[in-house]
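Input: a single structure, listed below in structure tokens.
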There are 2 protein chains.
Amino acid sequence: MNKYINVGLVGYGTVGKGVVKILEENKKIALRKVGKPIRIKSICDLRSIDKPELYVKNFKDIIKDPEIDLIVELIGGYEPARTIIIEALKAGKNVVTANKAVLAKYWDQIFTTAQDCQKSIYYEASVGGVIPVVQGLSEGLASEEILEIKGILNGTTNFILSEMTKNGVNYEAALKSAQNSGFAEADPSFDVNGIDTANKLAILSSLAWGDWIKVKDISVKGISDLDIEDVLITQNFGYDVKLIGSAEKTKDGIDLSVQPCLVNHDHAFATVENEYNAVMITGKDSGDVLFYGKGAGQQPAASAVVSDIINLSKFIVTNTAGIVPDVVYDKRIKIKVLHSGKSKASYYLRFSILDKPGVLSKISGILGKFKVSIASLTQSDISDNDCAQIIIITHKTCRENLEKALKQINATKSIVKSKVVKIKIEI
Amino acid sequence: MNKYINVGLVGYGTVGKGVVKILEENKKIALRKVGKPIRIKSICDLRSIDKPELYVKNFKDIIKDPEIDLIVELIGGYEPARTIIIEALKAGKNVVTANKAVLAKYWDQIFTTAQDCQKSIYYEASVGGVIPVVQGLSEGLASEEILEIKGILNGTTNFILSEMTKNGVNYEAALKSAQNSGFAEADPSFDVNGIDTANKLAILSSLAWGDWIKVKDISVKGISDLDIEDVLITQNFGYDVKLIGSAEKTKDGIDLSVQPCLVNHDHAFATVENEYNAVMITGKDSGDVLFYGKGAGQQPAASAVVSDIINLSKFIVTNTAGIVPDVVYDKRIKIKVLHSGKSKASYYLRFSILDKPGVLSKISGILGKFKVSIASLTQSDISDNDCAQIIIITHKTCRENLEKALKQINATKSIVKSKVVKIKIEI
């Protein structure tokens, strides 16, 4: 047996540097919990690093190193991350990763390989930053029939939405502010188009229902075309706009979506600001269980990775890692996914209509024809001379019916001046 | 190997019945996760039960049964719970318990025995009901230097405080309402006097700092002498009253207390109502992490117990239970506890003073003498002819100084008509 738990780190960016820092600062805490010191033996990165004595250029050299017990993958993306994880498991290494993209896409292959090789892969940092929701869902709520998972799962978009709400600035200005604060990358596409949230929702849903829920089964809409006007109007209606990943068990299948949603000012999600994340899990017996904490930033992400390293090391020390599978991926379980058109919700609709008689009756006529029922109708005070803003809150309605109605309204140039805005009302 | 995971249940009250029900209803979920069916083989209770085929009168018969893998202790209290747990571990059984009292009091003995016998003891249901905070703290935040733990940890008292706040009723009426709703027992002493919260705080603190933090080290005050008048006055100041268990790392030791506290309306704790619990853990790198869910009630408590049974069974099936210790109880670690008098906080003070000249200057003079600095002073509108109500909010002050000042004020009959009310301001 080695004197140390030897760790090979692949990826030495912001989070990787945070991991090294926390392992150094909290080495006594780690030693007490693991019983052996944890040592970073090698670091692999494309560029040379500030610790030349640990530097390894090729990840294969880390995988080949017989002294290394545990490989931490922090490069993100699909490849070579997938190869590193799979090859590490096959070489008898345990793995810690924060990579939601690779897990969501290769769930089947990764957990089947881990099970076949009797090795462990921990991935708490892949969802919700520092929030221990992976374990909370898979172990804390192990006994539960899960009915719903709803989450603010992306720190970047939540920071942008907070900026828009607090300062009344438009999307572009808020994005710039997030970039300046270090909460958005130079290319923020994966965050703002909702894909990152969808990856995380796929992971939580796969854990909750035992089948591999794929990102392609999730209806995804990001925040980049969100109009500041709608943020301000909905504020007055008592709502905040949040990007929510939602998975709901219905009798016809799991209803999966990522989209900007309106949440009531007095709902717990409304108080989740800036880079914070929150996940609400509803079980049949447990009721609502909420987890909340920082979803982005160097230290919170690195903290979750180091916790995984410590927890996994306890099993490595006792030669028990990988014996109990981390994910029971049972291919016989087939979970039905609800077609997104069948999803039911209330919606906020904003119509920029031509201000002349008969328009309102045409709109309500078309909505009625498609069985979209109106809960309230308000004329917004932001109107100019020949154009009025009408806000409609609908009752619960089937999404495909609503979309058919809006398509017909949008196509009728004598009614609306621009495309109707539609935002789901979550709570 | 047995065909089943055989469970022996000791204690067939509300939670015990819930455990049997959930294990039956969710047996497919459990089977998928464990790989073997979980079966309740025996149930021990003082009274005969509705399942005579499983009934065992003496717990020793369950401990002696070689087929039983796991014993679930749900009788509560110190004895015979302690004996059952210790004897079960010594007989080679793994244990699940929801018993915070026995854990807090015999932490040392229980975890040393478990470690010596290489058996596991799971106790997620002992703190926070359905909230997976034991695991969240000990594993999810394994890497963290924990700075603070604050929690609403008792469903009964939170239900009572919610009733007082919502309905403006006094403590006795609110207690009756909690009893009628099934959220308070006929004898609610352990809940309302803060001992139950102190037990849970001791468990969380012991996990956080690696030494056995004892209940006797915690300064405990319950809610039974809380005056509805103060609930109503503080509402107008923007506060809610909550019973909070608090453990704070200071440079002079851990500051541990349980007491009714004022929390700001916009703090997450203010939205925790009725039987819900919440725990906020602050780590150096993680920042604030919040857990929230139902802290009382049959199904939530039973759900947490069944999750423990499932998680522990995964290790029993693979013969790995107890190899990794559940609590690393390191006797070399000595955590210093702060003397409660040295604790620093802001306070709400209500003085029922004799309405005559010079009284206010006497009060502020005495406070000043003991270095208690006043942040604001208001005369409440609830005053009668010869008596005025004065509300003082203090700056952060050392508790023993404040107590000395109040002792002197209370002793001066020419100043106050009744004892000064003092409530800590938490946030």
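The values are calculated or read from the model by the stated rules, or taken from the named source; none is laboratory data. These figures come from a predicted structure and were not determined experimentally. Neighbour counts are summed over all protein chains in view; Cβ atoms, including those assigned to glycine, are modelled from backbone coordinates with ideal geometry.
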Qualifying residues in region B:328-341 (those that are among the β-branched types (Val, Ile, Thr) and facing chain A (nearest Cβ under 10 Å)) - the one surrounded by the most Cβ atoms within 10 Å (Cβ to Cβ) | B:328
Quick count over region A:322-359, residues being touching a Cys at 6+ places or on another chain (Cβ under 9 Å) and part of a strand (DSSP E or B), is 5
Picking from A:246, A:286, A:303, the residue that is assigned by TED's automatic domain parsing to the domain that holds residue A:20 and hydroxyl-bearing (Ser, Thr, Tyr) would be A:303
Odd one out for residue B:92 among (1) small (Gly, Ala, Ser); (2) in contact with a helix residue (DSSP H, G or I) (Cβ under 6 Å, 6 or more places away or on another chain); (3) exposed (fewer than 15 other Cβ atoms within 10 Å of the Cβ) = (2)
Meets criteria (under 18 Å from residue B:424 (Cα atoms), out of contact with any Pro (no Cβ under 7 Å at 6 or more places or on another chain), of a type in the set (D, E, K, R) and at pLDDT 95 or above) for residue B:288 = no
Could you please find all residues in region A:41-74 being in contact (Cβ under 8 Å) with a residue 60 or more places away in the chain and surrounded by fewer than 22 Cβ atoms within 10 Å (Cβ to Cβ)?
-> A:67
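Answer with yes or no whether residue A:139 is within 11 Å of chain B (Cβ to nearest Cβ) and either farther than 17 Å from residue A:311 by Cβ or assigned to a loop (DSSP other than H, G, I, E, B) (or both). So that I can check it myself, show each step before the final result.
On the way: within 11 Å of chain B (Cβ to nearest Cβ): yes; either farther than 17 Å from residue A:311 by Cβ or assigned to a loop (DSSP other than H, G, I, E, B) (or both): no.
Answer is no for this residue.
Looking at region A:1-74, what helices (runs of 4 or more DSSP H) fall wholly within it and have at least 3 residues that are within 14 Å of chain B (Cβ to nearest Cβ) and over 23 Å from residue A:320 (Cβ atoms)? Before the answer, list the steps.
Values: elements: A:14-25, A:27-34, A:59-64.
In region A:1-74, A:14-25 are the helices (runs of 4 or more DSSP H) which contain 3 or more residues that are within 14 Å of chain B (Cβ to nearest Cβ) and over 23 Å from residue A:320 (Cβ atoms).
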Can you name the number of the only condition in (1) surrounded by 19 or more Cβ atoms within 10 Å (Cβ to Cβ); (2) free of Cβ contacts under 8 Å to residues at least 60 places away in the same chain; (3) more than 13 Å from chain A (Cβ to nearest Cβ) that residue B:185 fails?
-> (1)
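Which is at pLDDT below 95 and surrounded by 13 or more Cβ atoms within 10 Å (Cβ to Cβ), of A:354, A:367?
Numbers: A:367 fails: at pLDDT below 95.
After applying the criteria, what remains is A:354.
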Considering each residue of region A:370-404, count those that are out of contact with any strand residue (DSSP E or B) (no Cβ under 9 Å at 6 or more places or on another chain) and surrounded by 14 or more Cβ atoms within 10 Å (Cβ to Cβ), and give that number.
-> 3
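Residue by residue, here is whether (1) of a type in the set (D, E, K, R); (2) in contact with a strand residue (DSSP E or B) (Cβ under 8 Å, 6 or more places away or on another chain); (3) farther than 21 Å from residue B:301 by Cβ holds:
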site	(1), (2), (3)
B:63	no, yes, yes
B:66	no, no, yes
B:71	no, yes, no
B:75	no, yes, no
B:80	no, no, no
B:86	no, no, yes
B:91	no, no, yes
B:95	no, yes, no
B:105	yes, no, no
Exactly one of A:104, A:114 is more than 14 Å from every other protein chain (Cβ to nearest Cβ) and more than 20 Å from residue A:245 (Cβ to Cβ), and that one is A:114
Test result for residue A:266, surrounded by fewer than 18 Cβ atoms within 10 Å (Cβ to Cβ), within 11 Å of chain B (Cβ to nearest Cβ), at pLDDT below 95 and over 17 Å from the mean Cα position of the chain (by Cα) | yes
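Is it the case, given these coordinates, that residue B:129 is more than 14 Å from every other protein chain (Cβ to nearest Cβ), assigned to a loop (DSSP other than H, G, I, E, B) and within 25 Å of residue B:303 (Cα to Cα)? Full working, then the answer.
Working: more than 14 Å from every other protein chain (Cβ to nearest Cβ): no; assigned to a loop (DSSP other than H, G, I, E, B): yes; within 25 Å of residue B:303 (Cα to Cα): yes.
So residue B:129 does not fit the description; no.
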Failed item in (1) in contact (Cβ under 8 Å) with a residue 24 or more places away in the chain; (2) touching a Ser or Thr at 6+ places or on another chain (Cβ under 6 Å); (3) of a type in the set (Ser, Thr, Tyr), with residue A:320 passing the rest | (1)
Of the criteria (1) more than 10 Å from every other protein chain (Cβ to nearest Cβ); (2) in a strand (DSSP E or B), which one residue B:273 fails | (2)
Filtered residues of region A:279-295 (kept if more than 8 Å from every other protein chain (Cβ to nearest Cβ) and buried (at least 24 other Cβ atoms within 10 Å of the Cβ)) = A:279, A:281, A:295
Give me the pairs, please: first residue somewhere in region A:204-222 and without any contact (Cβ under 8 Å) to a residue 40 or more places away in the chain, second residue anywhere and of a type in the set (Asp, Glu) and crowded, with 23+ Cβ neighbours inside 10 Å, beta-carbon distance under 6 Å, and either six or more positions apart or on two chains.
-> none
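Yes/no matrix, rows are residues, columns are (1) assigned by TED's automatic domain parsing to the domain that holds residue A:199; (2) modelled with pLDDT under 95; (3) farther than 17 Å from residue A:317 by Cβ:
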{"residue": "A:35", "(1), (2), (3)": "no, yes, no"}
{"residue": "A:38", "(1), (2), (3)": "no, no, no"}
{"residue": "A:47", "(1), (2), (3)": "no, yes, yes"}
{"residue": "A:51", "(1), (2), (3)": "no, yes, yes"}
{"residue": "A:56", "(1), (2), (3)": "no, no, yes"}
{"residue": "A:62", "(1), (2), (3)": "no, no, yes"}
{"residue": "A:67", "(1), (2), (3)": "no, no, no"}
{"residue": "A:82", "(1), (2), (3)": "no, no, yes"}
Would you please name the residue that is farthest from residue B:106 (Cα to Cα), looking only at residues in region B:226-256 that are under 19 Å from the mean Cα position of the chain (by Cα) and not aliphatic (A, V, I, L, M)?
-> B:240
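Please go through region A:296-321 and pick out each residue that is part of a loop (DSSP other than H, G, I, E, B) and facing chain B (nearest Cβ under 10 Å).
Going through region A:296-321, the residues part of a loop (DSSP other than H, G, I, E, B) turn out to be A:296-297, A:318-321.
The answer is A:297, A:318, A:319, A:320, A:321.
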